[in-house]
Amino acid sequence: MSISERLWNATEERRARDELQARENFPVATRLLPARYRAHLLNVYGFARLVDDIGDEAPPTERGALLDLVERDLDRIYAGTGPAGPTGAGSTGAADATEPELPVMRDLARTIAACSIPDEPFRRLLRANRRDQEVTRYATFDDLLDYCALSADPVGHIVLHVFGAATPDRLALSDRVCTALQIIEHCQDVGEDYRNGRVYLPAEDLHRFGCEESDLAAAVTPTRLRGVVALQAGRAARLLDEGAALTRLLSGFPRVAVAGYIAGGRAALAALERGAYDVLGGAPRPRGTRLLAEWSRTLGRR
């Protein structure tokens, strides 16, 4: 089933969402959480995955129009014409006097209404995917951080809103965690990203280690490219350690969930190191036992 068909098929979209969730480094919506939180987090995840799938898998000539379709549904929600009602300001564009067209967006509308989530994080995620259609290389690590501010950090903001915990100090720490998780994913997916025409490893680092882009197509990761991946992993680890202070500002179920995200990042970093940063010769994914150990360790820190 194509992306275009899945947009209107709630069953297929949710099945695809569940399959993708199982491949994430961290528990998106752990069963330790109450059903209401799990439902909201899965609705948010459904939106994020849908937008990413459009940006990565839809025919290139259709991606812009499909992202426009999603944004029009977002306009409807924030204009107060969908089931969410008048939940926020700052909407852009015109909205038709109908509920959202897409099943995923109708699910999201309920979450937006229940949790009073502003529209800005969702629009940043859309901007990130629009950028992916135009920008395929990043010159410096700072350039990559700027991209992560669109592609990753908004997710943390939305999650904190779901838990009613979106204060400025928590949002700032969440940005570090989310950026770290995004960089880790870029490290794991070097080969896949290159096949999709994108390179997220900073060009200045590739040059410093003597890498050519052809190295990204190798069957086994060359030593010089492993050095670039290890450098990014080290940067992500530092960001994750800084952002881990977020758990000390949370309690109860929000703390459990955020600790799971941090633990997933640490377990993924351990997998990269265990595999000697050979990201082209295999898929360095975290082990379940390491994830549980890191989760327990993160929850135990005060």
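The values are calculated or read from the model by the stated rules, or taken from the named source; none is laboratory data. Source: prediction; values computed, not measured. Heads up, the Cβs are rebuilt from the backbone with ideal geometry, glycines too, and the neighbour counts pull from every protein chain shown. To get the accessible areas, we keep the full protein, side chains included, count just its heavy atoms, and leave off ligands, DNA and RNA. Shrake-Rupley method; radii C 1.70, N 1.55, O 1.52, S 1.80 Å.
Before moving on, here are some points about what is shown:
- Scope segment 252-302; condition small (G, A, S) and either open to solvent by 10 Å² or more (accessible area, probe 1.4 Å) or part of a loop (DSSP other than H, G, I, E, B) (or both); matching residues: G252, A270, G275, A276, G281, G282, A283, G288, A293, S296, G300
- Residue within segment 156-173 that is of a type in the set (S, T, Y) and over 16 Å from I117 (Cα atoms) present: no
- Sole residue being part of a loop (DSSP other than H, G, I, E, B) and small (G, A, S), chosen from A128, A165: A165
The rows are residues; the columns are (1) open to solvent by less than 50 Å² (accessible area, probe 1.4 Å); (2) in contact with a Cys (Cβ under 9 Å, 6 or more places away or on another chain); (3) at pLDDT below 95.
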{"position": "P60", "(1), (2), (3)": "no, no, yes"}
{"position": "L67", "(1), (2), (3)": "yes, no, no"}
{"position": "L74", "(1), (2), (3)": "yes, no, no"}
{"position": "T92", "(1), (2), (3)": "no, no, yes"}
{"position": "A95", "(1), (2), (3)": "yes, no, yes"}
{"position": "T98", "(1), (2), (3)": "no, no, yes"}
{"position": "T111", "(1), (2), (3)": "yes, no, no"}
{"position": "I117", "(1), (2), (3)": "yes, no, no"}
{"position": "N129", "(1), (2), (3)": "yes, no, no"}
